[in-house]
Amino acid sequence: MAVVGIVLALLVAEAWGPLAAGSATGQPPGSLPAAAVSGAPGPSGTHAVGSSSGAGASSSPAPSSTAQPGSASPTPSVIPGPALVAAQLQGTLDRIRTQLSIPGVSVAILWNDGQSWVGASGLRTIASADPMTTGSAFALASISKTFTAAVVLQLVEEGKLALDQSVAPLLPQYKLDPRITVRMLLDHTSGLPDFFLAPGIDAALRAKPNATWTAMQAWAYVPKKHAVPGKSWYYSNTNYLLLGELVSAVTGRPLAQEVRTRLLDPLGLTTVYYQAVEAPKEAGVTAYALLPAAGGGYRPTAVAAKSVVMPFRSVVTAAGGAGSLAGTALDVARWMRAWAGGLVLDPAMQAQMLADVARTVKLHASIPYGLGIQRVTLAGYTAYGHSGRYIGIRNVVRYLPDLGITISVLTNQSAIDPTRVATTLLKVLLPKPTPSPSPAASGAPSPALAPSPS
């Protein structure tokens with residue numbers, strides 16, 4: 001099947017271009033209360049296309065504000081709850097999905113007071129006309145990096161790792177530059193090239209899509225030459241492949257087990273699972289490449305034969321700690337509300353996670369990047385989160401502290417940036433701007449027009 005190369009649609013692309021591609025809590029593992037991230041009750045539910053739901057307020061604590069000093073975010077007015085805007089949100093989702101030619105999309109929006117809205121539009125599988133649902137599971141691609149980072153930072157809090165210690169002695173089989181530290185892997189300043197961009201890996205992954213790759217097989221594609229550690233920023237999946245191996249070396253347990261016992265079970269993220277290791281928790285989607293159609297627009301083409309691993313096993317297992325999780329839009333939003341909102345790490349580590357953004361900005365990061373988290377501007381507001389991209393899968397999740405809103409948008413295609421969907425839906429919630437008096441009426445000079453956020 002002739003489709004675009006994996007390199008163009010894997011996790012790497014999310015690091016380029018505007019907003020796109022792509023604990024220790026002081027408590028023992030398993031002790032974080034599930035109520036801390038409650039949104040809508042549950043759902044492993046399968047609401048049909050066009051459905052929406054808004055849960056009542058819960059007693060869960062609101063995340064602490066993560067806005068940094070100097071944030072240019074405007075001061076929001078009161079944000080309407082889901083009961084007032086559910087129909088408008090669903091209509092907007094249906095419209096923007098059709099306009100962008102996205103096969104299927106699932107969305108969740110959380111309010112800090114515990115209310116939520118979930119919506120779905122389009123098809124989960126085109127051939128069988130299987131409708132997308134809010135309970136459909138998607139490969140999370142690089143959103144998985146936030147889970148890997150959380151485990152690593154918990155190990156730092158427990159004194160089992162240090163941010164500025166050399167990784168080489170802990171992973172001797174990889175013969176790493178001893179200058180590379182844990183921090184450099186977390187914020188992509190290690191200088192290590194991305195194995196997913198290596199010549200030949202695309203063909204190797206496609207040749208046996210059902211094969212299970214080891215971390216060492218993926219490492220074999222990392223070019224030998226690399227930049228000086230700590231001197232530049234370069235988004236590289238190699239960093240998180242190694243972090244997954246580092247977790248195993250330090251704990252004696254696989255990353256999948258650490259993610260499960262430290263994060264997924266304690267936080268009640270019942271639909272999230274580690275692909276190719278754990279059984280699927282919900283029905284998955286078919287991944288589609290959007291190829292140019294003869295008459296214009298796009299022609300969706302399935303990336304691979306039906307598989308329980310999305311989009312297919314070889315690429316997910318090669319990614320390891322860089323991109324192996326899957327789950328529903330609601331649980332992804334609940335996770336980001338906890339992770340970015342300060343409910344997973346203690347305050348000191350949370351501050352370090354976010355403050356590291358300033359370090360990567362000085363190194364000219366294309367997306368300001370902290371310790372496993374992106375900081376961007378969305379609909380004019382500061383937002384924290386991560387994007388994710390595989391061939392046939394493209395996602396984004398953002399927490400906007402100034403609005404007290406978290407939004408996740410998961411799609412079964414990789415050509416269209418889901419940030420466009422997120423921005424359009426957020427505009428439903430944002431207050432309409434008050435028109436300024438015309439210069440002629442006020443006698444004041446016309447202000448310079450600021451560019452709209454992308």
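Among residues of segment 98-127 that are surrounded by fewer than 20 Cβ atoms within 10 Å (Cβ to Cβ), those with a Cβ under 9 angstrom from a residue that is of a type in the set (Phe, Trp, Tyr), sequence gap 6+ or separate chain, pair up as Ser101/Tyr298; Ile126/Tyr288.
Does Thr148 satisfy the condition of being among the β-branched types (Val, Ile, Thr), modelled with pLDDT of 95 or more and in contact with a Pro (Cβ under 8 Å, 6 or more places away or on another chain)?
Numbers: among the β-branched types (Val, Ile, Thr): yes; modelled with pLDDT of 95 or more: yes; in contact with a Pro (Cβ under 8 Å, 6 or more places away or on another chain): no.
The answer is no for Thr148.
Checked against (1) within 24 Å of Val303 (Cα to Cα); (2) buried (at least 18 other Cβ atoms within 10 Å of the Cβ); (3) more than 23 Å from the chain's Cα centre (by Cα), Val272 meets all criteria but (3).
When we screen Thr301, Thr328 for residues that are crowded, with 24+ Cβ neighbours inside 10 Å and more than 25 Å from Ser236 (Cβ to Cβ), the only hit is Thr328. Going through Ala198, Ala211 one at a time, which residue ends up being within 26 Å of the chain's Cα centre (by Cα), under 30 Å from Lys362 (Cα atoms) and small (Gly, Ala, Ser)? When all the criteria are applied, what remains is Ala198. Among the criteria (1) under 19 Å from Thr146 (Cα atoms); (2) in a loop (DSSP other than H, G, I, E, B), the one Thr286 does not fulfil is (1).
So if I check each of Ser121, Ser142, Ser128, which one is part of a loop (DSSP other than H, G, I, E, B) and polar (S, T, N, Q)?
Working: Ser121 fails: part of a loop (DSSP other than H, G, I, E, B); Ser142 fails: part of a loop (DSSP other than H, G, I, E, B).
Going through Ser121, Ser142, Ser128 in turn, just one is part of a loop (DSSP other than H, G, I, E, B) and polar (S, T, N, Q): Ser128.
Filter segment 284-304 down to residues that are modelled with pLDDT under 95 and touching a Lys or Arg at 6+ places or on another chain (Cβ under 8 Å) and give me whichever is nearest to Gly320 (Cα to Cα). In this case the residue turns out to be Leu290. Quick check: anything in segment 224-234 hydrophobic (A, V, I, L, M, F, W, C) and in contact with a Leu (Cβ under 7 Å, 6 or more places away or on another chain)? Looking through segment 224-234, at least one residue is hydrophobic (A, V, I, L, M, F, W, C) and in contact with a Leu (Cβ under 7 Å, 6 or more places away or on another chain).
Of everything in segment 344-372, what is aliphatic (A, V, I, L, M) and within 23 Å of Ala137 (Cβ to Cβ)? Give them in sequence order. Selection gives Val344 alone.
Counting only helices (runs of 4 or more DSSP H) that sit wholly inside segment 215-263, those with at least 3 residues that are touching a Lys or Arg at 6+ places or on another chain (Cβ under 9 Å) are 237-251. In this structure, Thr377 does satisfy being over 23 Å from Gly119 (Cα atoms) and among the β-branched types (Val, Ile, Thr).
Go through the residues of segment 190-209 one by one and say whether even a single one is β-branched (Val, Ile, Thr) and out of contact with any helix residue (DSSP H, G or I) (no Cβ under 8 Å at 6 or more places or on another chain). Checked against the condition, which is being β-branched (Val, Ile, Thr) and out of contact with any helix residue (DSSP H, G or I) (no Cβ under 8 Å at 6 or more places or on another chain), segment 190-209 yields no hits at all. Can you confirm whether Ile391 is surrounded by 24 or more Cβ atoms within 10 Å (Cβ to Cβ) and among the hydrophobic types (A, V, I, L, M, F, W, C)? For Ile391, the condition - surrounded by 24 or more Cβ atoms within 10 Å (Cβ to Cβ) and among the hydrophobic types (A, V, I, L, M, F, W, C) - is met.
The values are calculated or read from the model by the stated rules, or taken from the named source; none is laboratory data. These numbers come from a predicted model, not from an experiment. When we count neighbours, we look across all protein chains shown, and the Cβ atoms used for this are built from the backbone with ideal geometry, even at glycine.
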